[in-house]
Amino acid sequence: MDYKIVFSDIDGTLLNKDRELSPATIDAVKSLSNKIPFILISARMPAAMRHLQEELEIGHLPIIAYNGGLIIVDGKTTLSTEIPLEVVEELSRMNEFKCHLSLYHRDEWYVPQSDKWALREINNTKVIPVVRSNDQVIKKWDREEKGAHKIMAMGEIEQIDTIRDYLEEKYPGQLHLYRSKDTYLEIAPSSISKFTAIEMLLKEHFHLSPKEAVAIGDNYNDIEMLRKVGYGVAVGNARQEAMDAANIVCGKSIEDGVAKLLVKIFK
C-alpha cells in the first residue's frame, strides 16, 4: 500500500527520554519533505504542540488536540467539541475529591494552584498555566458561553478512582474517562476520539481515506485509530492493548522507533 499521510501521538510515542524530539526524529520527519503530511494528534492542548511543529517544520499543517476534541487547520478551528459547563461545575463542587483539577479550553489552561501536579505538567508540555480557582474559571466561561475541551484530574490513586466512579455513575455514556497514568484522569466528551478527528480531517481537508493513512501510538486512547487506519503502528513501549490493535510494533519511543519506522516505510 502506498500510504499518503501519517498521524502520530506525542507523549510516549514521539519523544525521547528527555521528553523532547531527538535529532533522528526531526530529520526523519523533515525527510518527508511535506510530500507526506505528518500530523500531530494528542491529548495535549494546541500550545503544547506548536513548538514541536516548529522543530519539525510542519507548522503549516493541521493539528488534532484534546484527543480529537479540537481540530485546527490554517490557524482556524474546524471542529470544537466541549464538555458542558455543568459537568465542570459538578466536578468542582465535589470537594471531598481534594485533587488537582486542570481546566482547558483551546489555548487556555487554568490550574487552581501551583502545586506538584501543575509543575509536572509544565515540565512535560513547556506551557505555563494561569493560576485561577476552578470557581473563577467557571464564572468566566459562563459569561463567555464556553465549556471545557478537557479536564485533567491529578491526584492519588484512590482519589482518581473516586472521581472516575462518580462520573461514570453521574454521566453514563457521556464522557471519555481516560487514565493516562494511575494518578491522571483525562476527561473528554464521549462523542469524539482520535479516530473521529482523523476521519473528518481526511475527508474535509486531505480528501483521503483512512486506508491511506498511517497512525502511530502507545496508549489506550490510540487503540481505535491504530485498528481503523490502513497501517497502525504501536511503539515498543506501548501498552499491550495498543500493540494488539496495531499492524506492527516498531522500536521504543526513547530509541527513535518512529524515526526508524518512517525511514523504512517512506524510503
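The values are calculated or read from the model by the stated rules, or taken from the named source; none is laboratory data. Everything quoted here is computed from the prediction, not taken from an experiment. So basically every Cβ, Gly included, is an ideal-geometry build from the backbone, and we count neighbours across all protein chains shown.
The set of residues in segment 211-248 that are polar (S, T, N, Q), part of a helix (DSSP H, G or I) and either free of Cβ contacts under 8 Å to residues at least 60 places away in the same chain or at positive phi (or both) contains only Q240. On inspection, V235 passes the criterion of being under 13 Å from T13 (Cβ atoms), of a type in the set (V, I, T), in contact with a Lys or Arg (Cβ under 7 Å, 6 or more places away or on another chain) and crowded, with 19+ Cβ neighbours inside 10 Å.
Restricting attention to segment 142-158, the residues that are under 14 Å from S102 (Cβ atoms) and of a type outside the set (A, V, I, L, M) add up to 3. K203 fulfils the conditions (1) surrounded by fewer than 18 Cβ atoms within 10 Å (Cβ to Cβ); (2) at pLDDT 95 or above; (3) touching an Asp or Glu at 6+ places or on another chain (Cβ under 9 Å); (4) not polar (S, T, N, Q) except for a single criterion, (3).
Residue-by-condition table, conditions (1) of a type in the set (D, E, K, R); (2) under 30 Å from Y104 (Cα atoms):
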| position | (1), (2) |
| --- | --- |
| E199 | yes, yes |
| A213 | no, yes |
| D222 | yes, yes |
| V233 | no, yes |
| I248 | no, no |
| G257 | no, no |
| L262 | no, no |
| F266 | no, no |
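Filtering S8, S33 for residues that are crowded, with 22+ Cβ neighbours inside 10 Å, among the small types (G, A, S) and over 21 Å from I151 (Cα atoms) leaves a single hit, S8. Within segment 1-42, track down each residue that is part of a helix (DSSP H, G or I) and not basic (K, R). The answer is P23, A24, T25, I26, D27, A28, V29. Selection of segment 108-128 for residues being farther than 20 Å from E89 by Cα and without any contact (Cβ under 8 Å) to a residue 40 or more places away in the chain yields S114, D115, K116, W117, A118, L119, R120, E121, I122, I128. Might you let me know whether segment 99-113 holds any residue that is surrounded by fewer than 19 Cβ atoms within 10 Å (Cβ to Cβ), of a type outside the set (K, R) and touching a Leu at 6+ places or on another chain (Cβ under 8 Å)? Scanning segment 99-113 turns up no residue that is surrounded by fewer than 19 Cβ atoms within 10 Å (Cβ to Cβ), of a type outside the set (K, R) and touching a Leu at 6+ places or on another chain (Cβ under 8 Å). Of all the listed residues (R44, R93), the sole one being in contact (Cβ under 8 Å) with a residue 12 or more places away in the chain and either among the basic types (K, R) or buried (at least 23 other Cβ atoms within 10 Å of the Cβ) (or both) is R44.
The set of residues from segment 63-82 being assigned to a loop (DSSP other than H, G, I, E, B) and within 21 Å of N221 (Cβ to Cβ) comprises G69, T81, E82. Among the residues making up segment 47-59, those that are touching a residue at least 24 places away in the same chain (Cβ under 8 Å) and either in contact with a strand residue (DSSP E or B) (Cβ under 6 Å, 6 or more places away or on another chain) or not hydrophobic (A, V, I, L, M, F, W, C) (or both) are M49, H51, E55, E57, I58.
The residue that is farthest from V87 (Cα to Cα), among those in segment 182-210 that are free of Cβ contacts under 8 Å to residues at least 60 places away in the same chain and either hydrophobic (A, V, I, L, M, F, W, C) or touching a helix residue (DSSP H, G or I) at 6+ places or on another chain (Cβ under 9 Å) (or both), is S209. Note on segment 94-105: residues that are outside any strand (DSSP E or B) and in contact with a helix residue (DSSP H, G or I) (Cβ under 9 Å, 6 or more places away or on another chain) amount to 5.
Flag not set for D244, criterion: acidic (D, E), outside the structural domain of Y104 (by TED's automatic domain parsing) and surrounded by 21 or more Cβ atoms within 10 Å (Cβ to Cβ).
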